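Let me begin by presenting the structure, written as C-alpha coordinates, before commenting on it.
The values are calculated or read from the model by the stated rules, or taken from the named source; none is laboratory data. What you see is a predicted model, and the numbers here were worked out from it, not measured in a lab. Here Cβ is always computed from backbone atoms with ideal geometry, including for glycine, and neighbour counts include all displayed protein chains. Note: areas computed on protein heavy atoms with side chains; ligands, DNA, RNA excluded. Shrake-Rupley method; radii C 1.70, N 1.55, O 1.52, S 1.80 Å.
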Amino acid sequence: MNPINSEYKTKQASSSESSDSESPVELASQQTPLFQPPPPTSGDSSKLDRWLMRTMLEKAGNPEVEVVLWDGSVITTATAPVSVRAHIRNRSTLYKLLFDPSLYFGDGYSLGTIEVEGGLVEFNEAIDQGTHKVDTQGFYRDRFRTSLSWLKRNTIDAARHNIHHHYDIGNDFYQLWLDEQLAYTCAYFPDPDDTLEAAQIAKMDHVCRKVGLKPGDSVVEAGCGWGALAIHMAKHYGVNVRAFNISREQLAYARERARREGLEKQVEFVEDDWRNITGSYDSFVSVGMLEHVGLKNYEELGRVIARCQRPHGRGLIHSIGCNSPRVLDSWTTKRIFPGAHVPSLSEFMRIFEPQKFSVLDVENIRLHYARTLEHWLERYEQNIDQVRDMFDETFIRTWRLYLSASVAAFRAGSLQLFQVVFTNGANNEIPWTRAGLYQDRESGSVEG
(Lines give C-alpha, C1' and ligand atoms only; values in the text may rest on other atoms or scores of the structure.)
Protein backbone atom coordinates (compact mmCIF):
# COMPACT_ATOMS: atom_id res chain seq x y z
CA MET A 1 0.00 0.00 0.00
CA ASN A 2 1.84 3.12 -1.03
CA PRO A 3 0.79 6.67 -1.72
CA ILE A 4 3.91 7.77 -3.60
CA ASN A 5 2.17 8.87 -6.76
CA SER A 6 1.47 12.22 -8.34
CA GLU A 7 0.11 13.63 -5.11
CA TYR A 8 3.12 12.98 -2.90
CA LYS A 9 6.70 14.06 -2.97
CA THR A 10 10.02 12.55 -2.00
CA LYS A 11 12.84 14.75 -0.78
CA GLN A 12 15.71 12.64 -2.04
CA ALA A 13 16.45 10.30 -4.91
CA SER A 14 17.86 6.80 -4.86
CA SER A 15 20.89 6.20 -7.03
CA SER A 16 19.78 2.63 -7.71
CA GLU A 17 16.67 3.46 -9.77
CA SER A 18 16.47 1.69 -13.11
CA SER A 19 16.48 3.83 -16.22
CA ASP A 20 13.73 2.05 -18.17
CA SER A 21 10.83 2.77 -15.81
CA GLU A 22 9.56 5.62 -13.73
CA SER A 23 11.28 5.85 -10.36
CA PRO A 24 9.44 6.86 -7.19
CA VAL A 25 11.10 10.27 -7.48
CA GLU A 26 9.98 10.66 -11.09
CA LEU A 27 6.47 9.62 -10.16
CA ALA A 28 6.52 12.17 -7.37
CA SER A 29 7.78 15.01 -9.52
CA GLN A 30 4.37 15.54 -11.18
CA GLN A 31 2.62 16.69 -8.06
CA THR A 32 1.21 19.25 -5.76
CA PRO A 33 3.28 21.44 -3.42
CA LEU A 34 4.45 20.25 -0.05
CA PHE A 35 2.01 20.10 2.85
CA GLN A 36 0.84 23.44 4.19
CA PRO A 37 -1.61 23.98 7.07
CA PRO A 38 -5.03 24.91 5.71
CA PRO A 39 -6.07 28.55 5.95
CA PRO A 40 -8.61 29.29 8.67
CA THR A 41 -12.24 29.46 7.59
CA SER A 42 -14.17 32.53 8.62
CA GLY A 43 -17.84 32.51 9.38
CA ASP A 44 -20.15 30.37 11.46
CA SER A 45 -21.46 26.98 10.46
CA SER A 46 -25.03 26.99 9.21
CA LYS A 47 -27.96 24.86 10.29
CA LEU A 48 -27.52 22.99 7.00
CA ASP A 49 -23.84 22.32 7.76
CA ARG A 50 -24.68 20.90 11.17
CA TRP A 51 -27.61 18.86 9.84
CA LEU A 52 -25.44 17.35 7.09
CA MET A 53 -22.76 16.34 9.59
CA ARG A 54 -25.31 14.82 11.94
CA THR A 55 -26.93 12.90 9.07
CA MET A 56 -23.57 11.48 8.02
CA LEU A 57 -22.94 10.25 11.55
CA GLU A 58 -26.38 8.63 11.69
CA LYS A 59 -25.80 6.85 8.39
CA ALA A 60 -22.43 5.67 9.70
CA GLY A 61 -24.14 3.87 12.59
CA ASN A 62 -23.92 6.60 15.23
CA PRO A 63 -20.27 5.96 16.08
CA GLU A 64 -18.97 6.95 19.51
CA VAL A 65 -17.22 10.09 18.23
CA GLU A 66 -17.66 13.85 18.14
CA VAL A 67 -17.10 16.14 15.18
CA VAL A 68 -16.04 19.71 15.83
CA LEU A 69 -16.70 22.15 13.00
CA TRP A 70 -14.53 25.14 12.13
CA ASP A 71 -16.53 27.49 14.35
CA GLY A 72 -16.38 25.18 17.38
CA SER A 73 -19.82 23.62 16.90
CA VAL A 74 -19.84 20.07 18.28
CA ILE A 75 -21.85 17.39 16.46
CA THR A 76 -22.38 13.91 17.86
CA THR A 77 -24.98 11.15 17.77
CA ALA A 78 -23.24 9.11 20.47
CA THR A 79 -25.32 8.09 23.48
CA ALA A 80 -22.46 8.37 25.99
CA PRO A 81 -19.48 10.69 26.54
CA VAL A 82 -16.79 10.16 23.94
CA SER A 83 -13.00 10.43 24.05
CA VAL A 84 -12.25 10.87 20.35
CA ARG A 85 -13.21 13.67 18.02
CA ALA A 86 -12.45 14.97 14.55
CA HIS A 87 -11.94 18.66 13.84
CA ILE A 88 -13.06 19.79 10.37
CA ARG A 89 -11.23 22.97 9.49
CA ASN A 90 -13.39 24.36 6.69
CA ARG A 91 -16.75 24.05 4.94
CA SER A 92 -15.35 22.69 1.67
CA THR A 93 -13.93 19.66 3.50
CA LEU A 94 -17.33 18.95 5.05
CA TYR A 95 -19.07 19.10 1.68
CA LYS A 96 -16.51 16.80 0.08
CA LEU A 97 -17.28 14.20 2.75
CA LEU A 98 -20.83 14.03 1.41
CA PHE A 99 -19.61 12.68 -1.93
CA ASP A 100 -17.19 10.08 -0.62
CA PRO A 101 -16.59 9.92 3.16
CA SER A 102 -13.72 7.45 2.93
CA LEU A 103 -11.74 9.23 0.22
CA TYR A 104 -12.18 12.74 1.52
CA PHE A 105 -11.68 11.93 5.18
CA GLY A 106 -8.35 10.33 4.22
CA ASP A 107 -7.36 13.20 1.96
CA GLY A 108 -8.53 15.74 4.52
CA TYR A 109 -6.40 14.16 7.21
CA SER A 110 -3.39 13.89 4.88
CA LEU A 111 -3.66 17.56 3.92
CA GLY A 112 -4.40 18.82 7.43
CA THR A 113 -7.96 20.03 6.83
CA ILE A 114 -9.08 17.33 9.29
CA GLU A 115 -7.39 16.72 12.63
CA VAL A 116 -8.14 13.92 15.07
CA GLU A 117 -8.06 14.24 18.84
CA GLY A 118 -7.94 11.32 21.27
CA GLY A 119 -6.03 8.86 19.08
CA LEU A 120 -6.14 8.10 15.36
CA VAL A 121 -6.45 4.35 15.95
CA GLU A 122 -9.23 4.85 18.47
CA PHE A 123 -11.15 7.23 16.20
CA ASN A 124 -11.02 4.83 13.26
CA GLU A 125 -11.98 1.91 15.48
CA ALA A 126 -15.06 3.80 16.67
CA ILE A 127 -16.04 4.53 13.06
CA ASP A 128 -15.53 0.87 12.08
CA GLN A 129 -17.65 -0.31 15.02
CA GLY A 130 -20.41 2.06 13.95
CA THR A 131 -20.44 1.15 10.27
CA HIS A 132 -20.32 -2.56 11.15
CA LYS A 133 -23.86 -2.25 12.54
CA VAL A 134 -25.51 -0.68 9.47
CA ASP A 135 -25.82 -1.12 5.72
CA THR A 136 -23.43 1.46 4.33
CA GLN A 137 -23.73 0.35 0.69
CA GLY A 138 -25.45 3.54 -0.40
CA PHE A 139 -23.62 5.86 1.99
CA TYR A 140 -20.17 4.77 0.86
CA ARG A 141 -21.27 4.31 -2.76
CA ASP A 142 -20.18 0.68 -2.59
CA ARG A 143 -22.71 -0.52 -5.15
CA PHE A 144 -21.58 2.10 -7.62
CA ARG A 145 -17.90 1.38 -6.97
CA THR A 146 -18.52 -2.37 -7.26
CA SER A 147 -20.01 -1.88 -10.71
CA LEU A 148 -17.06 0.24 -11.76
CA SER A 149 -14.58 -2.33 -10.46
CA TRP A 150 -15.80 -4.84 -13.04
CA LEU A 151 -14.70 -2.46 -15.78
CA LYS A 152 -11.13 -2.74 -14.56
CA ARG A 153 -8.88 -5.74 -14.82
CA ASN A 154 -5.53 -6.32 -13.18
CA THR A 155 -3.61 -6.98 -16.38
CA ILE A 156 0.11 -7.67 -16.14
CA ASP A 157 0.90 -4.05 -17.03
CA ALA A 158 -1.62 -2.73 -14.52
CA ALA A 159 -0.26 -5.07 -11.85
CA ARG A 160 3.27 -3.80 -12.45
CA HIS A 161 2.11 -0.21 -12.07
CA ASN A 162 0.16 -0.99 -8.90
CA ILE A 163 3.02 -2.86 -7.27
CA HIS A 164 5.51 -0.15 -8.27
CA HIS A 165 3.18 2.42 -6.67
CA HIS A 166 3.40 0.80 -3.26
CA TYR A 167 6.52 -1.33 -2.94
CA ASP A 168 9.19 0.49 -4.93
CA ILE A 169 9.44 3.68 -2.89
CA GLY A 170 12.77 2.65 -1.40
CA ASN A 171 13.94 -0.16 0.83
CA ASP A 172 15.39 2.37 3.27
CA PHE A 173 11.88 3.53 4.13
CA TYR A 174 10.58 0.05 4.93
CA GLN A 175 13.69 -0.80 6.92
CA LEU A 176 12.74 1.93 9.38
CA TRP A 177 9.67 0.12 10.67
CA LEU A 178 9.45 -3.49 9.45
CA ASP A 179 11.27 -6.36 11.17
CA GLU A 180 14.88 -7.23 10.45
CA GLN A 181 13.92 -9.51 7.52
CA LEU A 182 11.49 -7.02 5.95
CA ALA A 183 8.47 -9.30 6.24
CA TYR A 184 5.58 -7.05 5.16
CA THR A 185 2.72 -9.41 6.03
CA CYS A 186 0.88 -10.49 9.16
CA ALA A 187 3.13 -12.02 11.81
CA TYR A 188 2.07 -14.88 14.09
CA PHE A 189 2.32 -14.39 17.86
CA PRO A 190 2.28 -17.67 19.85
CA ASP A 191 2.66 -15.31 22.80
CA PRO A 192 1.16 -11.80 22.41
CA ASP A 193 4.28 -10.40 24.07
CA ASP A 194 6.65 -11.88 21.47
CA THR A 195 8.87 -9.45 19.59
CA LEU A 196 7.97 -8.62 16.01
CA GLU A 197 11.10 -10.42 14.82
CA ALA A 198 10.17 -13.62 16.71
CA ALA A 199 6.57 -13.43 15.51
CA GLN A 200 7.56 -13.12 11.86
CA ILE A 201 9.76 -16.21 12.17
CA ALA A 202 6.88 -18.01 13.88
CA LYS A 203 4.61 -17.03 10.96
CA MET A 204 7.05 -18.47 8.45
CA ASP A 205 7.31 -21.73 10.42
CA HIS A 206 3.51 -21.84 10.69
CA VAL A 207 3.24 -21.60 6.89
CA CYS A 208 5.93 -24.22 6.29
CA ARG A 209 4.26 -26.70 8.64
CA LYS A 210 0.87 -26.18 7.08
CA VAL A 211 2.15 -27.22 3.65
CA GLY A 212 4.24 -30.03 5.14
CA LEU A 213 7.64 -29.06 3.78
CA LYS A 214 10.40 -31.65 3.91
CA PRO A 215 14.00 -31.65 2.62
CA GLY A 216 14.26 -31.91 -1.14
CA ASP A 217 10.79 -30.53 -1.85
CA SER A 218 10.29 -27.93 -4.55
CA VAL A 219 8.22 -24.86 -3.76
CA VAL A 220 6.88 -22.06 -5.91
CA GLU A 221 6.08 -18.79 -4.14
CA ALA A 222 3.81 -16.26 -5.85
CA GLY A 223 4.65 -12.78 -4.60
CA CYS A 224 7.76 -13.03 -2.44
CA GLY A 225 8.28 -9.52 -1.08
CA TRP A 226 11.85 -9.03 0.06
CA GLY A 227 12.43 -12.79 0.08
CA ALA A 228 12.17 -13.57 3.79
CA LEU A 229 9.87 -16.60 3.45
CA ALA A 230 11.66 -18.06 0.43
CA ILE A 231 15.00 -17.84 2.20
CA HIS A 232 13.51 -19.24 5.42
CA MET A 233 12.04 -22.24 3.59
CA ALA A 234 15.34 -23.02 1.89
CA LYS A 235 17.53 -22.41 4.93
CA HIS A 236 15.49 -24.19 7.60
CA TYR A 237 13.48 -26.79 5.67
CA GLY A 238 15.97 -27.82 2.97
CA VAL A 239 13.69 -27.11 0.02
CA ASN A 240 14.28 -25.54 -3.38
CA VAL A 241 12.26 -22.40 -4.07
CA ARG A 242 11.29 -20.41 -7.16
CA ALA A 243 9.89 -17.08 -5.99
CA PHE A 244 8.04 -14.72 -8.34
CA ASN A 245 7.73 -10.96 -7.89
CA ILE A 246 7.38 -7.88 -10.10
CA SER A 247 8.86 -5.35 -7.66
CA ARG A 248 12.43 -4.61 -8.74
CA GLU A 249 13.39 -2.98 -5.44
CA GLN A 250 12.31 -6.04 -3.50
CA LEU A 251 13.93 -8.52 -5.89
CA ALA A 252 17.27 -6.73 -5.84
CA TYR A 253 17.29 -6.91 -2.05
CA ALA A 254 16.17 -10.57 -2.00
CA ARG A 255 18.80 -11.70 -4.49
CA GLU A 256 21.58 -9.95 -2.60
CA ARG A 257 20.46 -11.49 0.67
CA ALA A 258 20.33 -14.99 -0.85
CA ARG A 259 23.83 -14.45 -2.24
CA ARG A 260 25.15 -13.34 1.16
CA GLU A 261 23.66 -16.39 2.85
CA GLY A 262 24.93 -18.82 0.21
CA LEU A 263 21.48 -19.86 -0.93
CA GLU A 264 21.61 -18.86 -4.62
CA LYS A 265 21.41 -22.51 -5.70
CA GLN A 266 18.37 -23.21 -3.53
CA VAL A 267 16.39 -20.02 -4.13
CA GLU A 268 15.68 -18.47 -7.51
CA PHE A 269 14.04 -15.06 -7.52
CA VAL A 270 12.16 -14.50 -10.77
CA GLU A 271 11.07 -11.08 -11.97
CA ASP A 272 7.75 -12.03 -13.50
CA ASP A 273 4.02 -12.08 -12.91
CA TRP A 274 2.28 -15.02 -11.23
CA ARG A 275 0.42 -15.71 -14.48
CA ASN A 276 3.71 -16.78 -16.06
CA ILE A 277 4.66 -19.40 -13.47
CA THR A 278 5.91 -22.58 -15.12
CA GLY A 279 7.27 -25.85 -13.83
CA SER A 280 6.05 -28.53 -11.41
CA TYR A 281 6.24 -28.20 -7.61
CA ASP A 282 5.43 -30.00 -4.39
CA SER A 283 3.98 -26.87 -2.80
CA PHE A 284 2.41 -23.59 -3.87
CA VAL A 285 2.68 -20.73 -1.38
CA SER A 286 1.36 -17.19 -1.61
CA VAL A 287 1.55 -14.84 1.36
CA GLY A 288 0.12 -11.36 0.90
CA MET A 289 -0.28 -11.42 -2.89
CA LEU A 290 -3.94 -12.33 -3.39
CA GLU A 291 -5.02 -8.81 -2.42
CA HIS A 292 -3.35 -7.61 -5.65
CA VAL A 293 -4.65 -10.32 -8.01
CA GLY A 294 -8.08 -8.87 -8.70
CA LEU A 295 -11.31 -10.81 -8.22
CA LYS A 296 -11.80 -11.32 -11.97
CA ASN A 297 -8.50 -13.21 -12.08
CA TYR A 298 -9.20 -15.75 -9.32
CA GLU A 299 -10.17 -18.55 -11.69
CA GLU A 300 -7.01 -17.95 -13.70
CA LEU A 301 -4.97 -18.17 -10.50
CA GLY A 302 -6.63 -21.53 -9.80
CA ARG A 303 -5.65 -22.76 -13.25
CA VAL A 304 -2.04 -21.67 -12.72
CA ILE A 305 -1.92 -23.57 -9.41
CA ALA A 306 -3.50 -26.66 -10.96
CA ARG A 307 -0.94 -26.84 -13.75
CA CYS A 308 2.10 -26.34 -11.51
CA GLN A 309 1.23 -28.22 -8.31
CA ARG A 310 1.97 -31.95 -8.25
CA PRO A 311 -0.86 -34.37 -7.38
CA HIS A 312 0.36 -34.89 -3.81
CA GLY A 313 1.18 -31.23 -3.23
CA ARG A 314 -0.32 -28.88 -0.70
CA GLY A 315 -0.81 -25.16 -1.20
CA LEU A 316 -1.41 -22.19 1.08
CA ILE A 317 -2.82 -18.76 0.36
CA HIS A 318 -2.50 -16.10 3.07
CA SER A 319 -4.57 -12.97 2.46
CA ILE A 320 -6.38 -10.08 4.06
CA GLY A 321 -10.10 -10.74 3.73
CA CYS A 322 -13.56 -9.75 4.91
CA ASN A 323 -16.64 -11.47 6.30
CA SER A 324 -18.91 -10.80 3.32
CA PRO A 325 -18.25 -9.65 -0.25
CA ARG A 326 -17.44 -5.95 -0.44
CA VAL A 327 -15.16 -3.50 -2.16
CA LEU A 328 -12.22 -2.03 -0.31
CA ASP A 329 -12.72 1.57 0.78
CA SER A 330 -12.04 4.21 -1.85
CA TRP A 331 -9.22 6.00 -0.02
CA THR A 332 -7.17 2.80 0.32
CA THR A 333 -7.69 1.78 -3.29
CA LYS A 334 -6.92 5.26 -4.64
CA ARG A 335 -4.09 6.42 -2.39
CA ILE A 336 -2.58 3.26 -0.93
CA PHE A 337 -3.27 0.00 -2.81
CA PRO A 338 -4.51 0.64 -6.36
CA GLY A 339 -6.23 -2.39 -7.82
CA ALA A 340 -6.60 -4.08 -4.43
CA HIS A 341 -9.43 -6.40 -3.43
CA VAL A 342 -9.90 -8.19 -0.11
CA PRO A 343 -11.94 -11.38 -0.59
CA SER A 344 -14.58 -13.05 1.50
CA LEU A 345 -14.26 -16.79 1.97
CA SER A 346 -16.94 -17.36 -0.66
CA GLU A 347 -14.80 -15.39 -3.11
CA PHE A 348 -11.73 -17.44 -2.13
CA MET A 349 -13.60 -20.48 -3.41
CA ARG A 350 -13.52 -19.11 -6.95
CA ILE A 351 -9.87 -20.19 -6.91
CA PHE A 352 -10.49 -23.70 -5.58
CA GLU A 353 -13.88 -24.93 -6.74
CA PRO A 354 -13.33 -24.86 -10.54
CA GLN A 355 -10.21 -27.01 -10.06
CA LYS A 356 -11.92 -29.33 -7.54
CA PHE A 357 -9.28 -28.59 -4.93
CA SER A 358 -9.97 -29.78 -1.38
CA VAL A 359 -9.76 -27.09 1.29
CA LEU A 360 -7.97 -28.68 4.25
CA ASP A 361 -7.76 -25.86 6.74
CA VAL A 362 -8.97 -22.28 7.18
CA GLU A 363 -7.51 -20.15 9.96
CA ASN A 364 -8.39 -16.53 10.73
CA ILE A 365 -5.55 -14.72 12.53
CA ARG A 366 -6.86 -11.14 12.29
CA LEU A 367 -5.87 -10.22 15.86
CA HIS A 368 -2.31 -11.25 14.99
CA TYR A 369 -2.42 -8.68 12.20
CA ALA A 370 -3.70 -6.03 14.59
CA ARG A 371 -0.70 -6.79 16.82
CA THR A 372 1.67 -6.74 13.83
CA LEU A 373 0.39 -3.36 12.76
CA GLU A 374 0.72 -2.00 16.28
CA HIS A 375 4.43 -2.85 16.10
CA TRP A 376 4.76 -1.25 12.66
CA LEU A 377 2.98 1.93 13.74
CA GLU A 378 5.07 2.24 16.88
CA ARG A 379 8.31 1.85 14.91
CA TYR A 380 7.07 4.27 12.25
CA GLU A 381 6.45 6.95 14.87
CA GLN A 382 9.77 6.24 16.58
CA ASN A 383 11.55 6.89 13.27
CA ILE A 384 9.41 9.79 12.09
CA ASP A 385 12.38 12.17 11.83
CA GLN A 386 14.06 9.84 9.33
CA VAL A 387 10.79 9.55 7.39
CA ARG A 388 10.59 13.34 7.32
CA ASP A 389 14.07 13.45 5.80
CA MET A 390 12.80 11.26 2.95
CA PHE A 391 9.28 12.52 2.29
CA ASP A 392 6.96 15.48 2.73
CA GLU A 393 4.41 16.03 5.49
CA THR A 394 1.50 14.84 3.37
CA PHE A 395 3.22 11.48 2.90
CA ILE A 396 3.93 11.25 6.63
CA ARG A 397 0.29 11.86 7.54
CA THR A 398 -0.96 9.50 4.82
CA TRP A 399 1.11 6.61 6.10
CA ARG A 400 0.23 7.39 9.70
CA LEU A 401 -3.45 7.16 8.75
CA TYR A 402 -2.94 3.99 6.70
CA LEU A 403 -1.21 2.17 9.55
CA SER A 404 -3.58 3.50 12.23
CA ALA A 405 -6.73 2.74 10.23
CA SER A 406 -5.42 -0.76 9.54
CA VAL A 407 -4.87 -1.44 13.25
CA ALA A 408 -8.44 -0.27 13.87
CA ALA A 409 -9.94 -2.39 11.07
CA PHE A 410 -8.40 -5.61 12.34
CA ARG A 411 -9.33 -4.83 15.94
CA ALA A 412 -12.92 -4.03 15.00
CA GLY A 413 -13.33 -7.02 12.66
CA SER A 414 -13.79 -4.93 9.52
CA LEU A 415 -10.88 -6.87 8.03
CA GLN A 416 -9.83 -10.48 8.50
CA LEU A 417 -6.63 -12.40 7.83
CA PHE A 418 -7.23 -15.81 6.28
CA GLN A 419 -4.77 -18.64 5.78
CA VAL A 420 -6.30 -21.31 3.54
CA VAL A 421 -4.59 -24.67 2.97
CA PHE A 422 -5.66 -26.81 0.02
CA THR A 423 -4.67 -29.81 -2.07
CA ASN A 424 -5.84 -31.86 -5.02
CA GLY A 425 -9.09 -33.63 -4.26
CA ALA A 426 -7.73 -37.18 -4.53
CA ASN A 427 -4.65 -36.58 -2.37
CA ASN A 428 -4.64 -38.66 0.84
CA GLU A 429 -1.13 -37.60 1.91
CA ILE A 430 -2.56 -35.06 4.34
CA PRO A 431 -2.11 -34.61 8.11
CA TRP A 432 -4.38 -36.64 10.39
CA THR A 433 -4.58 -33.90 13.04
CA ARG A 434 -3.40 -30.31 13.55
CA ALA A 435 -0.79 -31.37 16.12
CA GLY A 436 2.10 -30.81 13.71
CA LEU A 437 1.30 -27.12 13.43
CA TYR A 438 2.30 -26.56 17.03
CA GLN A 439 5.34 -28.80 17.15
CA ASP A 440 8.56 -27.09 18.07
CA ARG A 441 10.84 -27.53 15.08
CA GLU A 442 14.03 -27.74 17.14
CA SER A 443 12.96 -29.93 20.05
CA GLY A 444 10.15 -31.93 18.49
CA SER A 445 7.88 -31.18 21.45
CA VAL A 446 4.20 -30.44 20.98
CA GLU A 447 2.46 -27.59 22.79
CA GLY A 448 -0.62 -28.29 24.89
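In terms of the Cα gyration tensor, with a ≥ b ≥ c the square roots of its eigenvalues, is segment 212-355 rounded because a/c is under 1.5, prolate because a/b exceeds b/c, or oblate? Write down the numbers at each step before the final one.
Values: a/c = 2.24, a/b = 1.39, b/c = 1.62.
Note, shape of segment 212-355 comes out oblate.
What does the extension gain come out to for residue 310 and residue 278, with contour length at 0.36 nm per residue minus their alpha carbon separation?
Details: separation 32, 0.36 × 32 = 11.52 nm, distance 1.23 nm.
Length gained, residue 310 through residue 278: 10.3 nm.
Just the number please: accessible area per residue for segment 214-329, 1.4 Å probe, all protein chains included, in Å².
On the way: 4020 Å² over 116 residues.
Heavy-atom SASA per residue in segment 214-329 reads 35 Å².
With θ set to phi - 60°, apply the Karplus curve 6.51 cos²θ - 1.76 cosθ + 1.60 along segment 281-290 and write out the HN-Hα couplings as whole Hz, x wherever there is a Gly or Pro.
9, 7, 9, 10, 10, 9, 10, x, 9, 4
Mind putting a number on the dipole of segment 285-422 about its Cα centre? Charges go on the C-beta only, +1 for Lys and Arg and -1 for Asp and Glu, and I need it in Debye to the nearest 20.
Values: 17 positive and 15 negative charges, 89 e Å.
Dipole magnitude for segment 285-422 comes out near 420 debye.
Share of segment 248-380's accessible area from carbon and sulfur, percent, 1.4 Å? If you can, show how the numbers build up before the last one.
Values: 2430 of 5220 Å².
On segment 248-380, the fraction of accessible area on carbon and sulfur atoms equals 47 percent.
Let me check something: with ligands and nucleic acids excluded, how do 372, 131 order by accessible area (1.4 Å probe), largest to smallest? Walk me through the numbers before you get to the answer.
Working: 372 0, 131 25 Å².
Result of the area sort, largest leading: 131, 372.
Going by Cα centres, segment 204-243 and segment 263-330 are how many Å apart?
The distance from the Cα centre of segment 204-243 to that of segment 263-330 comes to 14 Å.
Given the whole protein assembly as supplied and a 1.4 Å probe, what does the accessible area of residue 172 come to in Å², nearest 10?
Number for this one is 100 Å².
Rounded to the nearest 0.05, what FRET efficiency is calculated for residue 236 and residue 176 with R0 set to 30 Å and r the Cβ-Cβ distance? Before the final figure, lay out the partial values.
Details: r = 27 Å, r/R0 = 0.89.
After rounding, the FRET efficiency stands at 0.65.
Could you name the aspartates and glutamates in cross-link range of residue 296, using Cα to Cα under 14 Å and dropping any fewer than eight places away on the same chain?
347
With Cβ to Cβ distances under 14 Å as the rule, what net charge do the other residues near residue 128 carry (K, R +1; D, E -1)?
Details: positive: 133, 326, 366, 411; negative: 64, 122, 125, 329.
Charge balance in the 14 Å sphere: 0.
Where does each of 95, 298 land when they are ordered by accessible area, with a 1.4 Å probe and the largest first?
Listed by decreasing accessible area, they come as 95, 298.
Please give the solvent-accessible surface of residue 291 in Å², to the nearest 10, using a probe radius of 1.4 Å with every protein chain present.
The accessible area of residue 291 comes to roughly 20 Å².
Modelling each spin label as a point 7 Å along the Cα-to-Cβ direction, I'd like the residue 117/residue 58 distance in nm, to one decimal.
2.5
Among the aspartates and glutamates, which have Cα under 18 Å from the Cα of residue 47 when same-chain residues fewer than 8 positions away are ignored?
58, 66, 71
Between segment 380-445 and segment 44-102, what is the C-alpha centre distance in whole Å?
Distance between centres, Cα-based: 33 Å.
Would you list 295, 345 from the most to the least accessible area, probe 1.4 Å? Could you put the intermediate results ahead of the total?
On the way: 295 30, 345 70 Å².
Sorted descending by solvent-accessible area, the residues read 345, 295.
Kindly report, to the nearest 10 Å², the accessible surface of residue 327 as traced by a 1.4 Å probe over protein heavy atoms only.
20
By its C-alpha gyration tensor, with a ≥ b ≥ c as the square roots of the eigenvalues, how is segment 161-259 shaped: rounded for a/c under 1.5, else prolate for a/b larger than b/c, else oblate?
Details: a/c = 1.99, a/b = 1.17, b/c = 1.70.
In terms of gyration-tensor shape, oblate.
Which of 210/334; 210/356; 133/334; 203/235 have a Cα-Cα distance over 23 Å?
Values: 210/334 34 Å; 210/356 20 Å; 133/334 25 Å; 203/235 15 Å.
With Cα atoms farther than 23 Å apart: 210/334; 133/334.
I need the calculated FRET efficiency for the pair residue 78 and residue 353, taking r as the beta carbon distance and R₀ as 45 Å, to the nearest 0.05. Write out the running numbers ahead of the final one.
Working: r = 44 Å, r/R0 = 0.97.
Between residue 78 and residue 353 the formula returns 0.55.
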